[in-house]
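Novice: Structure provided below as structure tokens; questions to follow.
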Amino acid sequence: MFEMFDFLWKKKERPVSGETPKPAGKASPQQGIAPGTQIHYDPNLVPSLIADHHMLVGIFGEVGNALKKKDSVLLKEQLSEFGNALRGHLLTENIKFYVYLQHSLEGDTENAAIMHDFRKEMQHIGKAVADFLHKYVGTTDWNDAAWQQFETDVTQIGKVLVKRIQTEENVLYSLYLPPGEYK
């Protein structure tokens with residue numbers, strides 16, 4: 001069931017447009033800042049978000065191990081850890097990534113629309129995952145029916161997360177550029 005995450009462990013080349021961005025070092029007041037914000041371009045942000053994906057997938061794999069063992073205590077621990085890590089990841093994306101892109105893509109309606117659609121979709125996914133986590137962290141009666149329902153639900157959540165991670169890493173994250181590289 002968790003083989004669906006195998007693609008994440010393969011080394012991937014990040015698409016580069018033109019020259020590889022260099023860390024800005026000390027930025028002047030306008031250099032490296034998204035227009036209309038005080039959010040600086042961070043050359044380590046996308047690699048950090050991708051590292052978060054790897055961590056989340058690892059924790060999700062541990063959820064699968066707890067499911068195989070039918071260990072409800074371990075399962076709840078892993079679900080809580082996954083939820084905390086996911087909330088941290090989403091917070092970073094919302095503040096450092098999406099706000100930066102929103103301001104940086106103001107003159108690029110096509111890419112701004114793509115970013116907006118991704119952000120809106122993630123809000124729906126985040127709510128579905130939060131509901132899933134709340135349901136199962138709060139479950140006290142782990143009978144056979146509950147384990148079967150959990151397996152069905154966790155498989156669905158896993159498929160959604162795999163698709164989302166793939167599209168973020170292959171499409172969305174390529175929109176994150178230093179301010180001078182936008183149209």
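Taken together, the values in this text are just the output of simple stated rules run on the coordinates, not laboratory data. These figures come from a predicted structure and were not determined experimentally. As a convention, Cβ positions derive from the backbone with ideal geometry for all residues, glycine included, and neighbour counts pool all protein chains shown.
Novice: What chymotrypsin sites (Phe, Trp or Tyr not before Pro) in the range 59-120 are in a loop by DSSP, with at most 14 other Cβ atoms within 10 Å of the Cβ?
Specialist: Values: sites: F60, F82, F97, Y98, Y100, F118; in loops: none.
Here no loop site has a sparse enough neighbourhood.
Novice: How much of the calculated P(r) for the range 47-136 lies past 18 Å, in percent of all Cα pairs? Present the calculation step by step, with values, prior to reporting the outcome.
Specialist: Working: 2132 of 4005 pairs.
Result for the distance tail: 53 percent.
Novice: Output wanted: per-residue J couplings in Hz (rounded whole) for the range 146-157, from phi through Karplus 6.51 cos²θ - 1.76 cosθ + 1.60, θ = phi - 60°, x for Gly and Pro.
Specialist: Each residue's phi maps through the Karplus curve to give 5, 5, 5, 5, 4, 4, 4, 5, 5, 5, 5, 4 Hz.
Novice: Here's something else I'd like to know. List the relative contact order of the range 42-181 as a percent without decimals, with contacts defined as Cα pairs under 8 Å and 6+ residues apart. Please report the intermediate quantities before stating the final value.
Specialist: Values: 61 pairs, mean separation 42.5, N = 140.
30 percent.
Novice: Quick one: what Rg and Dmax do you get for the range 24-180 from the alpha carbons, in Å?
Specialist: 18.3, 61
Novice: Filter the GluC sites (Glu not before Pro) in the range 91-183 to those in DSSP coil with at most 15 other Cβ atoms within 10 Å of their Cβ, and list the result. Could you put the intermediate results ahead of the total?
Specialist: Numbers: sites: E93, E106, E110, E121, E151, E168, E169, E181; in loops: E106.
When the GluC sites (Glu not before Pro) of the range 91-183 are filtered for loop state and at most 15 Cβ neighbours within 10 Å, E106 remain.
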